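Take a look at the structure set out below.
Read-outs throughout are calculated quantities, based only on the coordinates presented, and are distinct from any laboratory measurement. Note that the structure is a prediction, hence the values are computed from the model and not measured. Here the Cβ positions follow ideal geometry from the backbone for every residue, glycine too, while neighbour counts run over all protein chains shown.
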Amino acid sequence: MANPIRPAVIDHIVLRVVDIEAMTLFYVDVLGCTPEREVKEIGLFQFRVGSSLIDLVPVTGKLGAGGGEAPDPNARNLDHFCLTLKEFDEAKIREHLTRHGVEASPAGNRYGATGFGTSIYIRDPEGNGIELKA
């Protein structure tokens, strides 16, 4: 019998966060995500990334508190997630990241859902790994 579950795309990822203001600035100003929706009563902040969403939930909010204590910077539960960029001009990307005080790894040719492509790794203000890929 064929498996009836056939994933097509990642709909959203949820990150539990300590400092919602710093994280919002990072995801909007540094990564260019668009604020989509806020449900403050439950502590949900959603940001549009192409056809997907990144949800931020403060650990002190209704949703975030359900996950226990704040994530430990030395024992993360997320290695990284990858964002495919519409354009990948490494020099311009690095200049932008430097302007925002964000360090980036050396570029490499890495494999992902769309095949091989140049990518770099960065971290958000709370240490979550993000791969930016051509």
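Brief remarks on what is shown
- Mean ellipticity per residue at 222 nm, deg cm²/dmol - from DSSP H runs of n ≥ 4 across the chain, formula -39500 (n - 2.57): -3500 deg cm²/dmol
- Cα-only Debye scattering, the stretch 1-71: base-10 log of I(q)/I(0) at q = 0.17 Å⁻¹: -0.64
- With each label modelled as a point 7 angstrom along the Cα→C-beta vector, the residue 52-residue 3 pair spans 1.8 nm.
- The modelled label-to-label distance between residue 78 and residue 29, using points 7 Å beyond Cα along the C-beta direction, is 2.0 nm.
- Surrounding net charge for residue 63, when Lys and Arg each add one and Asp and Glu each subtract one, Cβ distance under 14 Å: +1
- Local electrostatic count, residue 101, Cβ distance below 13 Å [Lys/Arg +1, Asp/Glu -1]: -1
- Per residue, the average separation of C-alpha pairs within less than 8 Å and at least 6 apart gives the chain a relative contact order of 21 percent.
- Hits among lysines - C-alpha to C-alpha of residue 62 under 23 Å, sequence gap 8 or more where chains match: 40
- Local net charge near residue 49, Cβ-Cβ under 12 Å (Lys/Arg +1, Asp/Glu -1): -1
- Taking 10 °C and 1.306 mPa s as conditions, the stretch 12-133 diffuses translationally at an estimated 105 µm²/s according to Stokes-Einstein applied to its Kirkwood radius (Cα pairs).
- Sequence-distant aspartates and glutamates (8 or more away, or on other chains) whose Cα lies within less than 20 Å of residue 133: 11, 29, 79, 87, 89, 90, 95, 103, 124
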